[in-house]
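Values in this text are rule-based calculations from the coordinates and carry no lab data. The model shown is predicted, which means the values in this text are computed figures rather than measured ones. Because the Cβ atoms are built from the backbone with ideal geometry, glycine has one as well, and the counts that use them run over all protein chains shown.
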Amino acid sequence: MPGKHCQKHSFITLLIICALTPSMLFCNDWPSWRGPNHDGSSEEKSAPEKFGPEENVKWKAPLPGPASCTPIIIGKQVFLTTFDRKTRTVSALALDRENGKTLWSRLLGKGEDDRNQGTENFLAAPSPATDGKRVFFLTGRGDLSCYDLAGKKSWSWNAQERYGDFNCQFGYGSSPLLSNGKLFVQVLHRDSRYKDLEKVGKFTRESYLLAIDPVTGKVLYRHLRKSDAVAESLESYSTPIPRRIGDRTEILVVGGDTLSAHDPATGRELWRHGGWNPEKITHWRMVTSPVTGGGLVYASAPKFGPVIAIDSSGSATKVSWKLERDTTDTPTPLFYRGKLYVLNGRKRVLNCVDPKTGEVLRKSRLPGFRYMRASPTAAAGKIYMINADGEVVVVAAHADNDKPGKDGKPPAFKILNNVKMGGYPARSSISIAYGNLFIRTAEALYCIGK
């Protein structure tokens, strides 16, 4: 069990989240890619520990193709996007949370098979987002749509047609963010065109942050986000994340060798921190999203560079600490019960880090063979991870009374479950809502629970 400080922190966080969300959105929903707290965690008091393809499965819904999109859950509905191998398109799906039956399906636009692009992206990587009344879908081709929960379209338009082509080598992958009554979409890409990518609009060098009226689809502003990064290092597949500071909210954007905070009302840049690519390496594209917790912001440099804890409380940002071993390239870190969890997906090494000092409190090499690209999630004292082969690993979260071993090294995580749920490629994070797990493999979506 966590200590009193962590329990108090989680309770206060829960109160803030509940106060800021619409009345139809509940704290045990999973309304966006990184969950209700935007950090990969849920306040669910129970979550399954033992399960398998034929064990504790409430339902299994077959899917027409794979995708990196993480399912979101609101009330009695599950929403996701999926690639269809037969039609080579991307569709939005609404499923019944109780039985997995399809409530409605809507065509969003063209997809891209990995056999042509070699990316496993399928142009179906962005996860949906919901405010409890509407649900928003974005494809890697720039098709942005708003539907009500019954499947009636409110509005739609294409970002590439309106603002220019996405210059992202592996297919656009950022998810939309709902915060402060606005829908945010970021496009951080290189300033030259890839000749093999489809041309949808005109060529543009500009990277930007869009703020959109979620009711009408009207663009409220387009803030140009400048960077002195070079070539592929300008590209970012990350998702903007909100951060509450006192009575204000910041929208955090990472990519182009920098982390920046923006005023949600205007897009104006409030502060910026960089420095992890002083040599201007040209291939340091950004995949991970920012994480907040414990008064700090955590940014992960690309290609297993350092995880940096950034303090922005003063007149200038400063680095509180750096984690430089067994860091991440693809999975976004998890902040849960006052601790930061960093997953090295290539080595399958999980670290539990003290967010105040950067000290590694627990560390384990996880079972399995394939790499992990999905980001870890957590609830009920358990952490859930899945590798590219659909193999799920569940471990017990760090407890405050854990002590180093006799050799002074951090103790290993206790493995609670290790099971193969499906086939390659599995890249979707595991969603947790209403006491259930929602596990997406290449062929199906599983709802796990008693």
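Site pair Asp400 and Lys322 shows an inter-label distance of 3.1 nm when each label is modelled 7 Å from Cα along Cα→Cβ. Taken about its Cα centre, the chain carries a charge dipole of roughly 300 debye when the Cβ of each Lys and Arg holds +1 and the Cβ of each Asp and Glu holds -1. Remark: region 362-371, residue by residue, has Karplus-estimated 3J(HN,Hα) of 9, 7, 8, 8, 8, x, x, 10, 6, 5 Hz, where x stands for each Gly or Pro and the curve is 6.51 cos²θ - 1.76 cosθ + 1.60 at θ = phi - 60°. Taking the charge dipole of region 4-448 about its Cα centre, with +1 at Lys and Arg Cβ atoms and -1 at Asp and Glu Cβ atoms, the residue from Gln77, Ala211, Pro278 reaching farthest to the positive side is Gln77. Other residues within the sphere of radius under 13 Å centred on the Cβ of Gly345, judged by their own Cβ, net out at +4 (K and R +1, D and E -1).
Could you work out how much longer the chain between Glu443 and Glu206 gets when fully extended? Use 0.36 nm per residue separation minus the Cα distance between them, nm to one decimal.
Here the segment from Glu443 to Glu206 would lengthen by 81.6 nm.
What the Cβ-Cβ distance of Lys218 and Ala412 gives, at R0 = 56 Å and to the nearest 0.05, is a FRET efficiency of 0.60. In region 266-367, Rg over Rh equals 0.97, where Rg is the alpha-carbon radius of gyration and Rh the Kirkwood radius from pairwise Cα distances. Converting the Cα gyration tensor eigenvalues of the chain into ellipsoid dimensions via √(5λ) gives semi-axes, longest first, of 29, 27, 22 Å.
Report the gain in length on full extension from Asp191 to Lys303: 0.36 nm times residue separation, minus Cα-Cα distance, nm rounded to one decimal.
Taking Asp191 through Lys303 to full extension adds about 38.2 nm, to one decimal.
Counting Lys and Arg as +1 and Asp and Glu as -1 over every other residue whose Cβ lies under 14 Å from the Cβ of Ala150, the net charge comes to +4. With helices as the sole contributors, the chain gives -1500 deg cm²/dmol at 222 nm; each DSSP H run of n ≥ 4 counts as -39500 (n - 2.57), and the sum is divided by every residue. Look at Glu49, Glu232, Glu206 and count the other Cβ atoms within 10 Å of each Cβ; fewest to most, that gives Glu206, Glu49, Glu232. Annotation: the antiparallel percentage among DSSP beta bridges lying fully within the chain is about 100. Fewest neighbouring Cβ atoms within 10 Å first, the residues Trp284, Trp59 line up as Trp59, Trp284. Sorted ascending by nearby beta carbons within 10 Å, beginning with the fewest, Cys352, Cys69, Cys27 become Cys27, Cys352, Cys69. For the pair Lys50 and Ser156, label points projected 7 Å from Cα toward Cβ lie 4.6 nm apart. Positive contributions from Lys and Arg (+1) and negative ones from Asp and Glu (-1), summed over other residues with Cβ under 15 Å from the Cβ of Arg134, come out at +2.
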